[in-house]
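Peer 1: Structure provided below as structure tokens; questions to follow.
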Amino acid sequence: MSSAVLSNPVQTSIDGAELHKTYYGIGNFAIWFLIFIELTEFAFFFVVFLIGKSHYPEIFYQGPTELNTIAGMLNTLILITGSFFVARAVSAIKTDKRNETILFLWLTFAMGAAYCVIKIWEYQWNIQSGFDSSTNYFFGVYYYLTFNHFVHVLMGMSVILWVTIGMHLGHYNSSHHATLESAGLYWHMIDLVWIVIFPLLYVLR
């Protein structure tokens, strides 16, 4: 084994991630497996929602009219904007635009924070309006689905913060950015799940 490899094990690890990307495309097996598990989890929740809707059609017909649709729409726009920003960050790192990458990563993090603020306000609005998880089956599913997604947004923000700090420390460049791409994939997954949640809970009756 060469002395160059021994002297820089971190670089060797990064090369391995990049080599995996070269052969298998964006991301690595771990992130795709995680995304599969997360989507399977939410798919189960969606099935529970549809079963509940079939058993309590009147409750599920009335439910969306009692939610704050404006808050839901704002959060939809915020998450879509966050996905745009993280895509721009990934695009920027591929051409070694370090400052631009950092800017778009911080903007993505800010979108996550804005989502959380609106969601917390929405929960407070619901409670003040007399709707909590024990109100009926619809609101039970609503709180379970949206709070679970809320937790995933916090997880996504943590991942984005991690790679942003990595950018500040100079860990990523045009040749080595597989971890940043994986973070982007996870954020897109969070966005995709919300795009399904929003019409199910706030629009369809």
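The values are calculated or read from the model by the stated rules, or taken from the named source; none is laboratory data. What you are looking at is a predicted structure, and each value in this text was computed from that prediction instead of being measured. Neighbour counts are summed over all protein chains in view; Cβ atoms, including those assigned to glycine, are modelled from backbone coordinates with ideal geometry.
Peer 1: Select from the stretch 170-205 the residues that are assigned to a loop (DSSP other than H, G, I, E, B) and either over 24 Å from Ala30 (Cα atoms) or hydroxyl-bearing (Ser, Thr, Tyr) (or both) and write down the one among them that is modelled with the highest pLDDT.
Peer 2: Tyr172
Peer 1: Tell me whether the stretch 123-132 contains one or more residues that are more than 30 Å from Tyr172 (Cα to Cα) and within 20 Å of the chain's Cα centre (by Cα).
Peer 2: Scanning the stretch 123-132 turns up at least one residue that is more than 30 Å from Tyr172 (Cα to Cα) and within 20 Å of the chain's Cα centre (by Cα).
Peer 1: If you check Ile190 against the conditions, is it surrounded by 15 or more Cβ atoms within 10 Å (Cβ to Cβ), within 22 Å of Thr69 (Cβ to Cβ) and under 9 Å from the mean Cα position of the chain (by Cα)?
Peer 2: Values: surrounded by 15 or more Cβ atoms within 10 Å (Cβ to Cβ): yes; within 22 Å of Thr69 (Cβ to Cβ): yes; under 9 Å from the mean Cα position of the chain (by Cα): yes.
Criteria met by Ile190.
Peer 1: Could you pull out the residue among Phe60, Phe44 that is in contact with a helix residue (DSSP H, G or I) (Cβ under 8 Å, 6 or more places away or on another chain) and farther than 21 Å from Met157 by Cβ?
Peer 2: Exactly one of Phe60, Phe44 is in contact with a helix residue (DSSP H, G or I) (Cβ under 8 Å, 6 or more places away or on another chain) and farther than 21 Å from Met157 by Cβ, namely Phe60.
Peer 1: Here's a follow-up. Which ones in the stretch 144-179 are aliphatic (A, V, I, L, M), touching a residue at least 12 places away in the same chain (Cβ under 8 Å) and farther than 22 Å from Leu39 by Cβ?
Peer 2: Leu161, Met167
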